[in-house]
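K.L.:
A single structure is presented below for examination.
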């Protein structure tokens, strides 16, 4: 999900151009318990850096999770409806339930968040977001992503998965360096 970050900001018309944010691509899968565990780190990074760090969720649905591809498409629909991050966090918070219930849960969560659930259902049927998900997955494979979560910042790939420990600190080191170079 390329511009799903609530921390992405554009300069107001007539305002001085904003300094470009450091970009953190997060290769994620919405049926992945490890990605759910990474949410606290992502929230902390958004809190610390605000609009100086652009978080971009990138889709990498794994074959072992039956509903991951549909969840990625649903996340794109949530983005289109203006609630990408809240939807992503809600789905990740219910990973086990998604495994049991599948697509009906994705539509239900949309309704709970006040999104157009009927449009979600239609989007999952007509596949309007498949190309975005496919493109993210292909790019991930091309750069060596094999599991989720995987982070890319400043050209460096950091693999999460079972061991999130120390990753936020490493991301902060790289972000601080990149921001200092921009200054």
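K.L.:
Any residue that is assigned to a strand (DSSP E or B) and surrounded by 15 or more Cβ atoms within 10 Å (Cβ to Cβ) - is there at least one of those in the range 94-107? Don't jump to the end; show me each part of the working.
P.N.:
At the first step, the residues of the range 94-107 found to be assigned to a strand (DSSP E or B) are none.
No, the conditions are met nowhere in the range 94-107.
K.L.:
Looking at the range 80-90 only, could you name the residues that are out of contact with any strand residue (DSSP E or B) (no Cβ under 7 Å at 6 or more places or on another chain) and either closer than 21 Å to residue 47 by Cβ or outside any helix (DSSP H, G or I) (or both)? Quick ask: steps written out before the conclusion?
P.N.:
Let us first name the residues in the range 80-90 that are out of contact with any strand residue (DSSP E or B) (no Cβ under 7 Å at 6 or more places or on another chain), namely 80-87, 89-90.
If the condition is that a residue be out of contact with any strand residue (DSSP E or B) (no Cβ under 7 Å at 6 or more places or on another chain) and either closer than 21 Å to residue 47 by Cβ or outside any helix (DSSP H, G or I) (or both), then 81, 82, 83, 84, 85, 86, 87, 89, 90 are the ones that fit.
K.L.:
Please tell me if residue 144 is surrounded by fewer than 16 Cβ atoms within 10 Å (Cβ to Cβ), under 25 Å from residue 45 (Cβ atoms), without any contact (Cβ under 8 Å) to a residue 40 or more places away in the chain and more than 15 Å from the chain's Cα centre (by Cα). So that I can check it myself, show each step before the final result.
P.N.:
Numbers: surrounded by fewer than 16 Cβ atoms within 10 Å (Cβ to Cβ): yes; under 25 Å from residue 45 (Cβ atoms): yes; without any contact (Cβ under 8 Å) to a residue 40 or more places away in the chain: yes; more than 15 Å from the chain's Cα centre (by Cα): yes.
It is true that residue 144 is surrounded by fewer than 16 Cβ atoms within 10 Å (Cβ to Cβ), under 25 Å from residue 45 (Cβ atoms), without any contact (Cβ under 8 Å) to a residue 40 or more places away in the chain and more than 15 Å from the chain's Cα centre (by Cα).
K.L.:
Further, regarding this structure: Being over 19 Å from residue 83 (Cβ atoms), without any contact (Cβ under 8 Å) to a residue 60 or more places away in the chain, in contact with a strand residue (DSSP E or B) (Cβ under 6 Å, 6 or more places away or on another chain) and surrounded by 14 or more Cβ atoms within 10 Å (Cβ to Cβ) narrows it down to one residue among 134, 159; which is it? Let's see the steps before the verdict.
P.N.:
Numbers: 134 fails: in contact with a strand residue (DSSP E or B) (Cβ under 6 Å, 6 or more places away or on another chain).
Result: 159 is the single residue among 134, 159 that is over 19 Å from residue 83 (Cβ atoms), without any contact (Cβ under 8 Å) to a residue 60 or more places away in the chain, in contact with a strand residue (DSSP E or B) (Cβ under 6 Å, 6 or more places away or on another chain) and surrounded by 14 or more Cβ atoms within 10 Å (Cβ to Cβ).
K.L.:
Since residue 91 meets every condition but one in (1) without any contact (Cβ under 8 Å) to a residue 12 or more places away in the chain; (2) within 29 Å of residue 22 (Cβ to Cβ), which condition does it not meet?
P.N.:
Unmet for residue 91, out of (1) without any contact (Cβ under 8 Å) to a residue 12 or more places away in the chain; (2) within 29 Å of residue 22 (Cβ to Cβ): (1).
K.L.:
Now for a different question. Restricting the search to the range 116-131, which residues are assigned to a helix (DSSP H, G or I) and farther than 13 Å from residue 80 by Cα? Break it down into steps so the answer makes sense when it comes.
P.N.:
If we filter the range 116-131 for residues that are assigned to a helix (DSSP H, G or I), which is where we start, we get 117-126, 130-131.
Within the range 116-131, 118, 121, 122, 124, 125, 126, 130, 131 qualify.
K.L.:
Only residues that are under 14 Å from the mean Cα position of the chain (by Cα), in contact (Cβ under 8 Å) with a residue 60 or more places away in the chain and either surrounded by fewer than 20 Cβ atoms within 10 Å (Cβ to Cβ) or over 24 Å from residue 116 (Cα atoms) (or both): list them for the range 34-60, please. Reasoning before the result, please.
P.N.:
Looking only at the range 34-60, we keep the residues that are under 14 Å from the mean Cα position of the chain (by Cα), and these are 34-43, 45-46, 53-60.
Keeping just the survivors that are in contact (Cβ under 8 Å) with a residue 60 or more places away in the chain gives 34-35, 37-38, 41, 45, 53, 58-60.
Passing the criteria: 34, 35, 37, 38, 41, 45, 53, 60.
No value in this document is a laboratory result; all are computed from the given coordinates. A quick note: this is a predicted structure, and the numbers were derived from the prediction, not measured. Don't worry about glycine lacking a Cβ; one is built from the backbone with ideal geometry, like all the others, and counts go over all protein chains shown.
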